[in-house]
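S.K.: Before we start, here is the structure in question, set down as structure tokens.
Quick note: the coordinates plus some simple rules give every number you see, no bench work behind them. Source: prediction; values computed, not measured. Note that we place each Cβ from the backbone using ideal geometry, even for glycine, and neighbour counts take in every protein chain shown.
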Amino acid sequence: MTVDFDKITSLAKRRGFVFQGSEIYGGLNGTWDFGPLGVELLNNVKRAWWLSMTQLRDDVVGVDAAILMAPEVWRASGHVDTFTDPLVDCRQCKMRFRADQLDGGGRCPNCGGELTEPRQFNLMFKTFVGPVEEDAVTVYLRPETAQGIFVNFQNVQKATRRRLPFGIAQIGKSFRNEISPGNFFFRSREFEQMECEYFVSPAQAEDAYRAWIAERHRWYLDLGLKPESLRLREHERDELSHYSAGTTDVEFRFPWGWGELEGIANRTDFDLRRHGEFSGKDLSYADEVTGERYIPYVVEPSAGATRSMLAFLCDAYDEAEVNGETRAFLRLHQSLAPYKAAVLPLSKKEPLVAVAREVERALRPHFMITYDETQSIGKRYARQDEIGTPYCVTVDFDSLEDRAVTVRERDSMVQQRLPIADLVPALREKLEVTSG
Ligand code: GAP
């Protein structure tokens, strides 16, 4: 199905997944607020990543480092000197563009006016630490979470007594003063990343790089992205970042074209070597078994949490005819769905509502669920289908007699009668079976 992006963005706003940041003040460009359903979906994406990276692996541990870091960090990392985009201005309409995103011609895409020569614009946001601006130290909001991991390499290695290879994972906000944020929240000025720095000996780097590419590709597929919506793209030599000996992007087919979800890079020993030089600390690693000492190489799978969330939303969007009416569905993987089930009494009559509330109370401690008793049952099913709820639990008049409910599955629409007493284990089993 060719997806109409406007339908996805309008569903996301209408149903409370995503709102423009500071909307009542006209919006702050490049910022987005995640609403009640959006925060659930985003948390589920991050939880799935954390689970696969830390809990399910013996060789990766987590950290949560500060967003504000010593300014030397960004000199060592190269961001102060090289984290720039080429900026051009239109002399006529004054709009600004990234020169590398213009498709030739040298004229303004808005009004056809003449453009200035490109100048390098640093994407890091600056702020001040200390009470008086003039005397205070200028610091940067981190443009990537990775550096919080590198500066803690030795702390973590010593605290956990790890031998290489091992990795450190982190999820958190990053900030970039993007020249042209856009495509909904694909390119934002404030966003979340999920990054892992995997420390290896130089000899292990190439194999680890290849293994992480396969592993990260599989993660998206396991969470339901269609194989044809994904591709791996290896960077050409002249495209590589200053630190990289090899980079492969996991790309997703967004409604406007292919876009990067994640980069997997062989960063060599660049990061620890530079931090060693700038901090004056010896960040080399001594292998007690082999007796070797070296500066570790790093393989980095670096994903966008918010950007992946957008991909999951786009890929899940579907339309189908139900009773002669075209309806929207979010066919989200169950582990990502904001609500796992909705409890729906067939009518608002008191005896039904009492049983429905009892079912709701039984489910709430176990699953993120919702309760809805307004409008017809058909409308309520439709509302749940379009936010991706995998199961609807309907309480009807027979429930008063047989103490059972009807469980309807979103995609197949198959209905099954289940005793209320068995509902928690039955739903758990359904959710586990299809989340595996
Ligand atoms: N530490 C390496 C690094 O940060 P990157 O390719 O600049 O690499 C990694 O960023 C991921 O972060 C991207 O693949 C993307 O998913 C996400 N990302 C980067 N800039 C973003 C932005 N402005 N808005 C949303 N996500 C962004």
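S.K.: If R0 is 35 Å, what FRET efficiency do you get for Glu114 and Glu228 from their C-beta distance, rounded to 0.05?
M.R.: Calculated value: 0.25.
S.K.: Want the number for Arg218 to Thr160: 0.36 nm per residue separation, take away the alpha-carbon distance, what's left?
M.R.: On the way: separation 58, 0.36 × 58 = 20.88 nm, distance 2.83 nm.
This chain segment gains 18.0 nm when fully extended.
S.K.: Assuming R0 = 51 Å, what is the FRET efficiency of Arg273 and Ile377, from their Cβ-Cβ distance, to the nearest 0.05?
M.R.: On the way: r = 64 Å, r/R0 = 1.25.
Taking R0 as 51 Å, the efficiency between Arg273 and Ile377 is 0.20.
S.K.: While we're here: Less than 16 Å apart at the alpha-carbon level, and either on another chain or at least 8 residues along: which aspartates and glutamates does that give for Lys281?
M.R.: Glu72, Asp269, Asp271
S.K.: Place a +1 charge on the Cβ of each Lys and Arg in segment 283-436 and a -1 charge on the Cβ of each Asp and Glu, then give the dipole magnitude about the Cα centre in debye, rounded to the nearest 20. Intermediate values should be presented prior to the final figure.
M.R.: Details: 19 positive and 25 negative charges, 96 e Å.
The dipole of segment 283-436 has a size of about 460 debye.
S.K.: Just checking the chain: which Cys have no other cysteine's beta-carbon under 4.7 Å?
M.R.: Cys196, Cys314, Cys392
S.K.: Now a separate question. Based on the mean of other beta carbon atoms within 10 Å per residue, what is the order of 297-305, 247-255, 122-130, most packed first? Write out the running numbers ahead of the final one.
M.R.: Details: 297-305: 24.6, 247-255: 20.8, 122-130: 14.0.
Highest mean packing first, the order is 297-305, 247-255, 122-130.
S.K.: Please give every one of the lysines within straight-line cross-link reach of Lys348, meaning a C-alpha to C-alpha distance under 16 Å, and leave out same-chain neighbours fewer than 8 residues apart.
M.R.: Cα-Cα hits under 16 Å: Lys379.
S.K.: Here's something else I'd like to know. Show me the trypsin sites (Lys or Arg not before Pro) within segment 21-99 that DSSP assigns to loop and that have at most 15 other Cβ atoms within 10 Å of their Cβ.
M.R.: Arg57, Arg91, Lys94
S.K.: Continuing with this model, one more query. 5 Å is the cut-off here: which amide hydrogens, built 1.01 Å from N in the peptide plane, fall below it relative to Phe166, excluding neighbours closer than 5 in sequence?
M.R.: The list, which skips near neighbours in sequence, is Phe199.
S.K.: Under 14 Å from the Cα of Lys13, which aspartates and glutamates turn up, not counting those fewer than eight places away in the same chain?
M.R.: Cross-link targets: Glu23, Asp33, Glu386.
S.K.: Ok, one more. Among Ala70, Ala265, Ala159, whose mean-square fluctuation peaks in a Gaussian network model of the chain (Cα, cutoff 10 Å)?
M.R.: Of Ala70, Ala265, Ala159, the most mobile in the Gaussian network model is Ala159.
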